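Computed from the coordinates by the stated procedures, all read-outs in this text should not be read as laboratory data. All values reported here derive from a predicted model rather than from experimental measurement. Note that we place each Cβ from the backbone using ideal geometry, even for glycine, and neighbour counts take in every protein chain shown.
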Amino acid sequence: MRMSKNPLAIRSQKWIFDSFTKLLLSVSYDDISVSMICSDAEIDRRTFYRYFDNKQDVLQSYMQLIAGEYLECVAELKPHNETSLLRFFFDFWSGDHRTFLYALERNKLLHTAFDRNADYMKRLEELFDSTLGRSTNCFESAFRIGGLVSVLSCWIAGGFTESSAEMTVLVARVLR
């Protein structure tokens, strides 16, 4: 995604993200085309290509945008322990971005979206390490972070029936 601080550009990108999410809820990812996104967003293809290369770029860019938002928010929170970090994780992902996550899960893209966002995953590992006050090896980190994404996937698939507080207790118990 080509970033811009121009309010019109930001608005167009939001329309594209919203249309992409809407389409993911009703159409298979493989069947979504740039033309469909443009039509739904009511924008010209030139506008789309001004900011994105293809639909994969939309997916990656939107995930990076949300992950960046997560990292900014958690930096402000400065969690004191693993429980507060887990609680924030579940609160954040079940909030404003719930529909996008559901759309990803519906299309079997949730793990892919997280895996392709290596910077976010690395920073999440570092966040857990600093919160726990110790450094873990790559196997522990992979287990913890991969497990969190898998738990998130199950929670989404189950319709977020458990509260974020309940999810925090469940996962904290497993990690002990």
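Structure above, values below:
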item: Neighbour net charge for residue 15 - beta-carbon separation under 15 angstrom, K R +1, D E -1; result: +3
item: Cα-based Rg / Dmax (Å) for the chain; result: 17.2, 52
item: Cα pair distances of the range 7-56 binned at 10 Å [whole percent]; result: 28, 60, 12, 0
item: Packing-based ranking, highest mean first, of 161-167, 57-63, 97-103 given that Cβ atoms within 10 Å are counted; result: 57-63, 97-103, 161-167
item: Lysine pairs meeting the criterion (Cα under 20 Å, 8 or more apart or interchain), as found in the chain; result: 7
item: Fewest-first ranking of 30, 129, using other Cβ atoms within 10 Å as the exposure measure; result: 30, 129
item: Only Lys, Arg (+1) and Asp, Glu (-1) charged, at Cβ; the chain dipole about Cα centre in debye; result: 200 debye
item: Helix runs (DSSP H) in the chain reaching 15 Å along axis by Cα, Kyte-Doolittle at least 1.0; result: 138-157, 164-175
item: For 73, 138, order by how many other beta-carbon atoms lie within 10 Å, fewest first; result: 138, 73
item: Among 10, 48, 20 the positive-end extreme of the charge dipole of the range 7-56 (Cβ point charges); result: 10
